[in-house]
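Worksheet: the structure to be examined is printed underneath.
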Amino acid sequence: MKKRRARQRVSLGTLLMLLLTAAVLILCGAFLAVIAGNGPGERGEVFVSLPIGENRPKDAPPPTPAAQQNLPAAVCTADALQASPTPVPAVSTFTLSAGGTVYAPKAIRESAMEGSDHYDFEPVFAGLGDALSGADLSIVTLETTTAGAQKGYGTYNTPPQILDGLRAAGADLVSLATERALDKGYDGLALTVGELTARGMASVGVSLDGGAQGGSLFGVNGVQVAVLAYTYGLSDEGKQQTREEERAAVCQIDGQRMVDDIRQARAAGANVVIVLPHWGTKNKQETPADVRRLAVTLAEAGADIILGTHPNVVLETERLRVTRADGLEYETVVCYSLGSLLTDARAAENTAGMVAHLSVTYDPAVRRVTLGELVCTPVYIARDRADTATVYRVVDTDNAAALAALSAQEQSAAQGAAQAVREITGQSRREEEGEG
């Protein structure tokens, strides 16, 4: 008679260990799937990830996030997970500077001319010092094309050397979304984009391959920053010279479309969203009610910073407190108009512009943005004499050396411009409160 073999039993401890191991393996698989799902294909085609100054093709994959670089293979064991806790993402900060519209009609072009076919705009912007160059990301709006001599230089077509002057002054990114974008036709716009690209400068607000994609996604000090730009419309001249499908290359203001773009930017990975609307009423020193309403709409949709242009005069600034779709309260900094950075207009309100400075901090642990104090640097567009020639100079009104190079009359005008800008933006009140 055979002896019955004793039945083996699985202890409770062994069963728990097996269940724990299975859970760890499932979690590791899910983790790897998430990483795989965050590849280039999931970012969408509207926003391009590239560092400022680097010309990356639109179809190139975005840089690999630091958290995904150099990951060791096959570390998904209970011991490894316990020994290698997930590092806390680092808080990142970048600085932003933004100037107003750049416009260079005949008088300014002639003041920058050296010889019959050479232009040097660097002296025009040299008086800005580090107002733009001192920031990690510097933005201006170009209210002219740079389509070259073959298109005929005129009121809204400037020699491309003006871009060399802006680049030397520190500008990284240029908004082309203005009413003048197509004044030299679609090919003139393409030439302008090409001139910027050749200098390693980024542009937003236009899309040469259709769809009028409003912006791009840039990596700045480890922060993913979406910059979106729009114009209120196009000039009559531009409409007459281009077909409807070509005009679609310039992104125009539409509240719902802008809201959708902001949401898409967030979905594409943007930590910070900056909107550059070319809006308002030219030469009017009051902010229209519809502009204020649109600012609130954009803030509620997810815009962190709104930097307006077009009025060619400085308008007030504001810090909006809004509730977004997640039910939380957020802050948005708004400059309703930065004024002009370069123009030939001589009215006091036109010659007084500003450069806005802001520190932006992103904390990935809580996915929140903190905006520092908005500092508005007044700038003055001087028209002076050098020997027998008229010259234009943009100066930071706090730049003593640049001011000393001006005539006594222009120095006085620069001081008046600085005071006007400080009063409009509330800068003088903040200074007084700080002294108190």
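The values are calculated or read from the model by the stated rules, or taken from the named source; none is laboratory data. Just so it is clear, the model here is predicted, and its values are computed rather than measured. Here the Cβ positions follow ideal geometry from the backbone for every residue, glycine too, while neighbour counts run over all protein chains shown. The protein model used for the area step is the full one, side chains on, heavy atoms only, and it has no ligands, DNA or RNA in it. Shrake-Rupley method; radii C 1.70, N 1.55, O 1.52, S 1.80 Å.
With respect to the conditions (1) open to solvent by 10 Å² or more (accessible area, probe 1.4 Å); (2) more than 24 Å from GLY302 (Cβ to Cβ); (3) part of a strand (DSSP E or B); (4) not aliphatic (A, V, I, L, M), GLU349 falls short on a single one, namely (3).
Residues in the stretch 305-341 that are assigned to a loop (DSSP other than H, G, I, E, B), open to solvent by less than 20 Å² (accessible area, probe 1.4 Å) and among the small types (Gly, Ala, Ser): GLY308, SER337, GLY339.
Residue pairs whose Cβ atoms lie under 8 Å apart, sitting 6 or more positions apart in sequence or on different chains, and linking a residue in the stretch 254-278 that is among the basic types (Lys, Arg) to a partner that is assigned to a helix (DSSP H, G or I), are ARG263/ALA301. Only one of the numbered conditions (1) touching a Ser or Thr at 6+ places or on another chain (Cβ under 7 Å); (2) modelled with pLDDT under 95 is not met by ASP209, and that is (1).
For every residue, the table says whether it meets (1) surrounded by fewer than 24 Cβ atoms within 10 Å (Cβ to Cβ); (2) within 18 Å of ALA181 (Cα to Cα); (3) not hydrophobic (A, V, I, L, M, F, W, C).
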| site | (1), (2), (3) |
| --- | --- |
| SER111 | yes, no, yes |
| GLY129 | yes, no, yes |
| ILE139 | no, yes, no |
| ALA149 | yes, yes, no |
| PRO160 | yes, yes, yes |
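With respect to the conditions (1) open to solvent by 20 Å² or more (accessible area, probe 1.4 Å); (2) within 18 Å of SER97 (Cβ to Cβ); (3) part of a strand (DSSP E or B), THR390 lacks only one, and its number is (2). Which residue pairs have Cβ atoms closer than 8 Å, lie 6 or more positions apart in sequence or on different chains, and pair a first residue in the stretch 397-422 that is touching a residue at least 12 places away in the same chain (Cβ under 8 Å) with a second residue that is part of a helix (DSSP H, G or I) and among the acidic types (Asp, Glu)? Partner pairs satisfying both residue conditions: ALA420/GLU349; ARG422/GLU431.
Confirm whether ALA295 is in contact (Cβ under 8 Å) with a residue 24 or more places away in the chain and in contact with a Lys or Arg (Cβ under 6 Å, 6 or more places away or on another chain). Spelling it out, it is not the case that ALA295 is in contact (Cβ under 8 Å) with a residue 24 or more places away in the chain and in contact with a Lys or Arg (Cβ under 6 Å, 6 or more places away or on another chain).
Every listed requirement among (1) under 24 Å from ARG180 (Cβ atoms); (2) free of Cβ contacts under 8 Å to residues at least 40 places away in the same chain; (3) over 18 Å from the mean Cα position of the chain (by Cα) is met by ASN312 save one, (2). Within the option set ALA408, ALA389, being out of contact with any strand residue (DSSP E or B) (no Cβ under 6 Å at 6 or more places or on another chain), modelled with pLDDT under 95 and among the aliphatic types (A, V, I, L, M) holds for one residue only, ALA389. Checked against the criteria, LEU342 counts as modelled with pLDDT of 95 or more and closer than 20 Å to SER97 by Cβ. Among the residues making up the stretch 411-436, those that are farther than 28 Å from THR390 by Cα and either surrounded by fewer than 18 Cβ atoms within 10 Å (Cβ to Cβ) or at pLDDT below 95 (or both) are GLU423, GLY426, GLN427, SER428, ARG429, ARG430, GLU431, GLU432, GLU433, GLY434, GLU435, GLY436.
Across the stretch 250-304, the number of residues qualifying as closer than 18 Å to LEU217 by Cβ, touching a Gly at 6+ places or on another chain (Cβ under 6 Å) and open to solvent by less than 30 Å² (accessible area, probe 1.4 Å) comes to 5. Selection of the stretch 355-368 for residues being hydrophobic (A, V, I, L, M, F, W, C) and more than 16 Å from the chain's Cα centre (by Cα) yields ALA365, VAL366. Just one of the listed residues (ASP164, ASP120, ASP130, ASP136) is within 20 Å of ALA226 (Cα to Cα) and acidic (Asp, Glu), and it is ASP136.
Taken over the stretch 115-155, residues that are modelled with pLDDT under 95 and either touching an Asp or Glu at 6+ places or on another chain (Cβ under 7 Å) or among the charged types (D, E, K, R) (or both) amount to 2. Hey, any hits in the stretch 362-373 for a residue that's over 30 Å from TYR119 (Cα atoms), outside any strand (DSSP E or B), touching a Leu at 6+ places or on another chain (Cβ under 9 Å) and at pLDDT 95 or above? Yes. Anything in the stretch 166-182 that is crowded, with 24+ Cβ neighbours inside 10 Å and farther than 16 Å from SER203 by Cβ? List them, or say none. Once the filter is applied, which keeps residues that are crowded, with 24+ Cβ neighbours inside 10 Å and farther than 16 Å from SER203 by Cβ, the stretch 166-182 yields only ALA169.
Among residues of the stretch 355-372 that are in contact (Cβ under 8 Å) with a residue 40 or more places away in the chain and surrounded by fewer than 15 Cβ atoms within 10 Å (Cβ to Cβ), those with a Cβ under 8 angstrom from a residue that is in a loop (DSSP other than H, G, I, E, B) and not aromatic (Phe, Trp, Tyr), sequence gap 6+ or separate chain, pair up as ALA365/VAL88; ALA365/PRO89; ALA365/VAL91; ARG367/ASN271.
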